[in-house]
1. Taking B:HIS83 and the conditions (1) surrounded by 14 or more Cβ atoms within 10 Å (Cβ to Cβ); (2) under 15 Å from the mean Cα position of the chain (by Cα); (3) over 25 Å from A:THR20 (Cβ atoms), which numbered condition does it fall short on, given that it satisfies the others?
2. Would you please list the contacts, defined by Cβ atoms under 6 Å and residues six or more apart or on different chains, that run from a residue in region A:97-108 that is within 23 Å of B:HIS108 (Cα to Cα) to a residue that is outside any helix (DSSP H, G or I)?
3. Checking the structure you have, find out if any residue of region B:75-90 is of a type outside the set (D, E, K, R) and assigned to a helix (DSSP H, G or I).
4. Taking A:THR20 as meeting all but one of (1) β-branched (Val, Ile, Thr); (2) surrounded by fewer than 16 Cβ atoms within 10 Å (Cβ to Cβ); (3) at the interface with chain B (Cβ under 10 Å from one of its Cβ atoms), write down the number of the exception.
5. Taking the stated definitions as given, is A:THR123 surrounded by fewer than 10 Cβ atoms within 10 Å (Cβ to Cβ), modelled with pLDDT under 50, more than 7 Å from chain B (Cβ to nearest Cβ) and closer than 17 Å to B:ALA18 by Cβ?
6. Can you spot a residue in region A:96-107 that is under 24 Å from B:ASP35 (Cα atoms), surrounded by 21 or more Cβ atoms within 10 Å (Cβ to Cβ), more than 17 Å from the chain's Cα centre (by Cα) and within 8 Å of chain B (Cβ to nearest Cβ)?
7. Of the residues A:ILE57, A:ILE33, which is closer than 21 Å to B:VAL24 by Cβ, assigned to a helix (DSSP H, G or I) and touching a helix residue (DSSP H, G or I) at 6+ places or on another chain (Cβ under 8 Å)?
8. Could you tell me which numbered condition B:TRP28 fails, if it satisfies all but one of (1) within 11 Å of another protein chain (Cβ to nearest Cβ); (2) free of Cβ contacts under 8 Å to residues at least 60 places away in the same chain; (3) aromatic (Phe, Trp, Tyr)?
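The values are calculated or read from the model by the stated rules, or taken from the named source; none is laboratory data. As the structure is a computational prediction, the values presented were derived from the model and not from experiment. We place every Cβ from the backbone using ideal geometry, glycine too, and count neighbours over all the protein chains shown.
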Number of protein chains: 2
Amino acid sequence: MTRTRTASARRRSACAIACTLDLVGDKWSLLVIRDLLHGKRTFKELADSPERIPTNILADRLKRLEEAGVIVRAPYRERPVRHAYSLSEKGTAFRDVLGAFIRWGKAHIAGTVTLHDPAPDMTPAAWPIVPVRTGRRRRGLPRPPTD
Amino acid sequence: MTRTRTASARRRSACAIACTLDLVGDKWSLLVIRDLLHGKRTFKELADSPERIPTNILADRLKRLEEAGVIVRAPYRERPVRHAYSLSEKGTAFRDVLGAFIRWGKAHIAGTVTLHDPAPDMTPAAWPIVPVRTGRRRRGLPRPPTD
């Protein structure tokens, strides 16, 4: 009850769109959900996606989505403990939202693909214009804005 | 060509979801599009929505969405000049994305509504827990994070 009340108190309005954006209205959350839908499970697998999510942002988004019941975290190894992430039913239901994003993007942004499109090579080196990144972004280097 | 190249260079990947999030992956852009779909036209009308978007963020989002061809700006009065905003065909196509957000929100966040639901009173004073705001947020007061 306290939790529900706290969550409600943070709402900007009762609008279903606004409340959903309070949860996933950023550049990264829906990409994490996309990757979990595609079968990724570990922190490292999620961090290794083409968009190169900064690891501090990934850790924050995983925590927030777990608290919201969108993803489930379970240990798969001890010493050192490692966790695997998966989508709850609530998280899997974002498939519909992701489908709408894919349709809009493919119709209106030239050169975009889905991860399951067979034709284009999705490895970073194959993108025609995006600078190739050969490794994890290092601490201290400038990062793009995340708002 | 330069513009396309610049826009492409900012892409995190060729993924249609990621590229769409590069444009509307924040807490506010889709709410502006929602309001334009519902017939709002002026800066003041958009700023007066229940979520009380800070006016500096509203100005920024209108500029970005206009540059991306999602909205169209046209003067409707001179001295002082005033502009009206509307959605392009590309912008109207976000209806599908908003519909997916509404379905997810209403199914998974208790107490959420759409602006067209007849039952609940959508005026701020009618929301059960959200603190009532009686006016525009003033400069200098703390704002919620916008990431």
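1. Condition (2) is where B:HIS83 drops out.
2. If the second residue must be outside any helix (DSSP H, G or I), the pairs left are A:ILE102/A:THR114.
3. Applying the first criterion (of a type outside the set (D, E, K, R)) to region B:75-90 yields B:75-76, B:80-81, B:83-88.
Going one step further and asking which of them are assigned to a helix (DSSP H, G or I), we end up with none.
Checked against the condition, which is being of a type outside the set (D, E, K, R) and assigned to a helix (DSSP H, G or I), region B:75-90 yields no hits at all.
4. Every condition holds for A:THR20 apart from (2).
5. On the way: surrounded by fewer than 10 Cβ atoms within 10 Å (Cβ to Cβ): yes; modelled with pLDDT under 50: yes; more than 7 Å from chain B (Cβ to nearest Cβ): yes; closer than 17 Å to B:ALA18 by Cβ: yes.
Answer is yes for this residue.
6. Yes: one or more hits.
7. On the way: A:ILE57 fails: touching a helix residue (DSSP H, G or I) at 6+ places or on another chain (Cβ under 8 Å).
After ruling out the rest, the residue left standing is A:ILE33.
8. (2)
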